[in-house]
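Reviewing the structure listed below.
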Amino acid sequence: MVETTNVIVLGFVASLCASAGTAVGSLGVLFISSLSRRLEDGLLSVAAGIMLAATFFSLLLPGLEYAGMQHSEVLSVGIVSSGLLLGAVSLFAIHQHVPHEHFQLGREGAERTELSRIWLFVIAITLHNFPEGMAVGVGFAGGELSNGLPLALGIGLQNIPEGLAVSVALLSVGYKKMQCMLVGALSGLVEPLGGLVGAIAVSSAAALMPWALAFAAGAMLFIISDEIIPETHSADNKNLATFSLLGGFVIMMVLNTVIG
Ligand SMILES: [Zn+2]
């Protein structure tokens, strides 16, 4: 067990490290100047698979476990289900009010509209990094390194294709490579912010732990179902997207077992 202050520091630093994945992905713009739709669908699906497995293994199962230490089985599953729905509804509400573009980009449209589409896409990726950071922050609930570490690593990994997608998209509308890299890396910096919020929430009261874990899971599930799956299936790459998602799921499951 790690003490409270350390749990907060741990959650914050881990989510900061995970956001480095976004920066690493953004560096890719130096070597790759465009992504085919097929490759982008595949990469973002792997990211979705990692996120999906992380919600089960690193958030919901520990959430049920923590709730079970304090409550009966029925109440525990009630708490985790409520937290999950609350997380999803909150993200839904945010989506209703914040302008954003879905994860994939159409290549058509006038130059000016294309420019604002790209920026809305950058905003979408940036926004979804908040619940991810929160997940990492709450992942160290109770000072549990065996849960937090694989989660931080998994989220860090799936940030790489996301950072790459952001920076390459910016390059396509004429920004300089350095600017693309910088904005790509910056889009990840929402993550430690989420991490700090999550870590503080989870450290402030033991009773909050299962709620916070389930909330982060619901927020991530919302993004996966509302954004990534429909978008990666909207071109003709359904099979690739499905198997890439499964591949990502396996990667996270392995990480969780090997490091956890
Ligand atoms: Zn993600």
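Below is a table of values for the structure above.
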{"quantity": "Meets criteria (within 16 Å of the ligand (Cβ to nearest atom) and either free of Cβ contacts under 8 Å to residues at least 60 places away in the same chain or surrounded by 24 or more Cβ atoms within 10 Å (Cβ to Cβ) (or both)) for residue 120", "calculated": "no"}
{"quantity": "Yes/no for residue 146 being modelled with pLDDT of 85 or more, under 30 Å from residue 63 (Cα atoms) and away from the ligand (no atom under 16 Å from the Cβ)", "calculated": "yes"}
{"quantity": "All positions within the stretch 23-37 that are at pLDDT 90 or above and open to solvent by 60 Å² or more (accessible area, probe 1.4 Å)", "calculated": "24, 27, 30, 31"}
{"quantity": "Scan of the stretch 51-84 for residues that are within 16 Å of the ligand (Cβ to nearest atom), more than 16 Å from residue 138 (Cβ to Cβ) and open to solvent by 10 Å² or more (accessible area, probe 1.4 Å), ordered by number", "calculated": "52"}
{"quantity": "Selected residue (only one of 32, 50, 79 is hydrophobic (A, V, I, L, M, F, W, C), in a loop (DSSP other than H, G, I, E, B) and more than 19 Å from residue 123 (Cα to Cα))", "calculated": "32"}
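The values are calculated or read from the model by the stated rules, or taken from the named source; none is laboratory data. Since the model is a prediction, treat every value here as computed from it, not as a measurement. A quick note on method: Cβ atoms are made from the backbone with ideal geometry, for glycine too, and the neighbour counts reach across all protein chains shown. Protein only, heavy atoms only, side chains kept; ligands, DNA and RNA dropped before computing areas. Shrake-Rupley method; radii C 1.70, N 1.55, O 1.52, S 1.80 Å.
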